[in-house]
Amino acid sequence: MADDERDWDRLPTDKELGRLQWTTILYDLHETNPENGLVRDKTDPAAPCSIAAVGLALSTLPVTVERGILFRPFGAKMARRRLRYLFELPQEPEPDASGYKGFFYHFLDIETGRRVWDCELSTIDSALLFAGMLTVGAYFDQDTADEAEVRSLADALYRRADWNWARNGGPTVTHGWRPETGFLPYRWQGYDEGLLLYVLGLGSPTYPLPPESYDAYCATYQWRGLYGRELLHSDPLFTHQLPQLWLDLRDVRDAFMREHGSDYFENSRQATFVQQAYAIENPLQFAGYGEHCWGFTACDGPGWATRVIDGVERQFFDYVRGAESRSARTTATVAPWVAVASLPFAPEIVIPTTRHLAAMELGGHDRPYGFKAAFNQTFLVDDSPTGWWVTPYQFGVDQGPVVLMIENYRTGLIWDIARRCPCLVQGLRRAGFQGGWL
């Protein structure tokens with residue numbers, strides 16, 4: 001191994017965090033269609049654009065500028081190109097449009113920007129896209145033609161979203177809509193990444209959600225005790241992280257958190273420790289789990305299979321979601337990116353975990369785009385360089401949280417930008433948040 005590669009063993013000084021951030025940013029630079037700014041969902045040449053990946057790529061632009069990777073005027077032009085293209089895409093009820101009622105379909109053809117795979121009009125993926133739009137709208141605040149257009153387009157795109165239509169007559173927001181069958185039967189309720197969606201919907205200047213929508217979202221929260229810790233429960237770690245890529249919720253509390261003497265930042269810290277504790281206990285005796293090998297979230301799995309391993313029948317899936325020991329979808333798969341993205345919450349356990357994962361040699365852990373997205377040491381594969389399954393793909397929705405949370409840990413940049421978004425501030429206040437910087 002080359003000496004510069006062994007630098008990973010000393011993670012994470014600021015220099016090494018910067019290196020991890022840089023290799024991860026490369027995803028957005030390499031997997032973007034240069035003609036329209038759409039970002040590929042994953043590193044499969046046949047993959048379409050993911051609108052969530054576009055939102056995260058927009059949010060990383062201030063990082064690339066502040067870190068000297070992009071000249072600011074070029075960063076503004078990249079943001080303008082993406083936003084202008086999205087603004088001009090058809091918003092119509094026809095099945096081959098790009099969106100409807102201001103929201104966008106989950107996946108778009110990376111060349112034409114039109115819906116693919118008969119996918120759903122996704123409210124949460126649209127919310128991630130809007131968060132990215134608002135980030136560049138707040139960051140590019142200089143008096144130039146390009147930056148002024150970025151602000152104008154970001155505002156116009158956000159204003160188009162009809163959040164009350166997305167409620168479909170109920171108190172909470174639906175997961176989405178299909179032109180062939182109408183609204184999906186699922187709603188955003190109970191603690192999850194939908195927190196961001198409600199803040200955005202409540203802050204809308206055109207179609208704001210009523211405050212009772214947020215109350216209904218919180219009504220099914222579950223406060224639980226796990227591994228000696230009390231917390232608002234949500235099993236996959238990404239659900240704790242996504243809203244706080246943008247929202248600085250340290251000492252900022254809604255009614256539920258005031259009642260429980262906590263805040264969402266502290267809650268995410270507790271959730272991170274719970275994941276490590278689960279890996280240490282390792283109740284299902286999966287290979288590799290331990291103090292410095294954890295990170296359980298929605299991610300690729302090795303595939304649908306049943307294997308007898310050391311006399312125990314194991315089920316495996318092509319998609320896994322969480323970590324809880326009694327979950328039917330717990331299949332020994334670890335997602336390194338989600339551990340790294342908890343850096344601001346619990347650096348004292350994330351730092352040694354990052355060091356350990358970097359030393360594992362996951363078939364090129366830092367090439368080309370940071371850590372591999374997922375691996376499973378229980379699922380052995382004959383032709384794998386590691387001897388066990390490692391996903392062949394990287395995903396745009398995994399890369400963005402790593403870049404943004406490393407930056408929030410280092411400088412608080414994205415949190416500071418989001419504080420300058422009036423709609424996010426308004427959304428937090430209408431949801432009943434108080435305290436801290438708010």
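The values are calculated or read from the model by the stated rules, or taken from the named source; none is laboratory data. None of the values given here were measured: they were computed from a predicted structure. Glycine also receives a Cβ, built like all others from the backbone with ideal geometry; neighbour counts cover every protein chain displayed. These accessible areas exclude ligands, DNA and RNA; they are computed on the full protein's heavy atoms, side chains included. Shrake-Rupley method; radii C 1.70, N 1.55, O 1.52, S 1.80 Å.
Descriptive notes on the structure:
- For Ser98, the conditions (1) touching a residue at least 24 places away in the same chain (Cβ under 8 Å); (2) closer than 20 Å to Thr32 by Cβ; (3) surrounded by fewer than 24 Cβ atoms within 10 Å (Cβ to Cβ) are fulfilled apart from (1).
- Against the list (1) part of a loop (DSSP other than H, G, I, E, B); (2) within 19 Å of Leu184 (Cβ to Cβ), the condition Ser126 fails is (1).
- Those helices (runs of 4 or more DSSP H) lying entirely in the stretch 393-438 with at least 2 residues basic (Lys, Arg): 422-430
- Residue that is most open to solvent (accessible area, probe 1.4 Å) [pool: residues in the stretch 149-177 that are of a type in the set (Gly, Ala, Ser) and part of a helix (DSSP H, G or I)]: Ser152
- If only residues of the stretch 333-354 that are outside any helix (DSSP H, G or I) and of a type in the set (S, T, N, Q) are counted, the one that is farthest from Tyr264 (Cα to Cα) is Thr333.
- Residues of the stretch 386-405 classified as under 14 Å from Thr23 (Cα atoms) and of a type in the set (Val, Ile, Thr), total: 2
- Some residue of the stretch 154-164 being acidic (Asp, Glu) and under 16 Å from Val425 (Cα atoms): yes
- Matching residues, the stretch 66-81, being among the hydrophobic types (A, V, I, L, M, F, W, C) and either over 17 Å from Ala148 (Cβ atoms) or within 19 Å of the chain's Cα centre (by Cα) (or both): Ile69, Leu70, Phe71
- Number of the exception - Glu180 against (1) part of a loop (DSSP other than H, G, I, E, B); (2) closer than 16 Å to Cys421 by Cβ; (3) open to solvent by 30 Å² or more (accessible area, probe 1.4 Å): (2)
- Conditions (1) within 19 Å of the chain's Cα centre (by Cα); (2) of a type in the set (Asp, Glu); (3) part of a loop (DSSP other than H, G, I, E, B); (4) modelled with pLDDT of 95 or more: number failed by Asp251: (1)
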